[in-house]
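Notes to accompany the following structure.
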Ligand SMILES: [Zn+2]
Ligand SMILES: [Zn+2]
């Protein structure tokens, strides 16, 4: 059984097709999926989707690429967590110096707010970092992110960044990028990561793995991510599924039903 640790099923490409998406998860032994929040304006709809389907979990947070949206406060994030027991993480948050330019102090401040909310609720963080690993790790350290841990999602950074994140109680989540032929550094990283720090994700609707590259991605395709990692590590896809699902439940401890 596989778990997709990061998807966006509320995005327009996917939300109209939920029954087919759930059926395709079944066909591929994908038991559950974590629907990650990017924007509080859209968040009530995300929660309605997750609360309609027991195989789905949610997070709460505002993505670093969303510039002209209401800024979350620590208190707002904490209250949302307290109102909904299907929220298992804070995020996605982090830094993105690739997509946006100029003075991004607001992005760093927003990131700090999320880390404070995570510490107050005890929930782990979902961190997005692009062309900003140095500042990301620095702010994680300054704000004490290690206390709650979390995941570095859709990871494409170096082994040194992975090591630093793991040392702060973070897991590394690999997406369909690991199936791309030219992602040589990521292949080496996938082969070397400690198995108890590994998660798998689709980041649907983006980044569909081979053999669906360029198409709309969906959680059922996470099996291909696991299969590719298994080939790189010389183990079976079942080994990867078992380990990453156990890691998911250990990290997102709220995502375990009584
Ligand atoms: Zn992201
Ligand atoms: Zn995402």
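Nothing in this text is a laboratory measurement; each read-out follows from the coordinates by a stated rule. The structure displayed is predicted, hence computed values, not measured ones. For neighbour counting, all protein chains shown are included, and Cβ atoms are generated from backbone atoms with ideal geometry for every residue, glycine included.
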Could you tell me, in Å, what Rg and Dmax come out for the Cα atoms of the chain?
16.7, 47
With springs connecting C-alpha atoms under 10 Å apart, model the chain as a Gaussian network and identify which of 174, 199, 137 has the largest mean-square fluctuation.
137
Counted neighbours (other Cβ, 10 Å), sorted fewest up, put 98, 66 in the order 98, 66
Order of 35, 154 under a 10 Å beta carbon neighbour criterion, fewest first
154, 35
Just report the Cα centroid separation between the range 66-92 and the range 125-200, whole Å.
22 Å
Segment residue 233-residue 24, extension gain: residue separation times 0.36 nm, minus the distance between their alpha carbons:
72.6 nm
Ranked by GNM mean-square fluctuation in the chain (Cα springs under 10 Å), the top entry among 39, 169, 192 is 192
Work out, step by step, the length gained on full extension between residue 51 and residue 120: first 0.36 nm times the residue separation, then minus their alpha carbon distance; give nm to one decimal.
22.5 nm
Would you kindly state how much longer the chain becomes between residue 103 and residue 246 on full extension, computed as 0.36 nm times their sequence separation minus their alpha carbon distance, in nm to one decimal?
47.5 nm
Using 7 Å Cα-to-Cβ label points, what is the residue 167/residue 1 separation (nm, one decimal)?
3.6 nm
Sorted from fewest to most neighbouring beta carbons within 10 Å, what does the list 92, 101, 201 look like?
101, 92, 201
Hey, in the GNM for the chain with a 10 angstrom Cα cutoff, which one of 55, 213, 82 fluctuates hardest?
82
Here, residue 17 and residue 206, labelled 7 Å along Cα→Cβ, have an inter-label distance in nm of 1.8 nm
Please compute the contact order of the range 127-177 in relative form: average sequence separation of alpha-carbon pairs under 8 Å and at least six residues apart, divided by the residue count, as a percent.
40 percent
Determine Rg/Rh for the range 1-97; Rg is computed over alpha-carbon atoms and Rh is the Kirkwood hydrodynamic estimate from the same atoms.
0.98
Per DSSP H run of at least 4 residues, take -39500 (n - 2.57); add these up for the chain, divide by its residues and hand me the 222 nm value, nearest 500 deg cm²/dmol.
-12000 deg cm²/dmol
Note down the nm distance, to one decimal, between modelled labels 7 Å out along Cα→Cβ at residue 213 and at residue 134.
3.1 nm
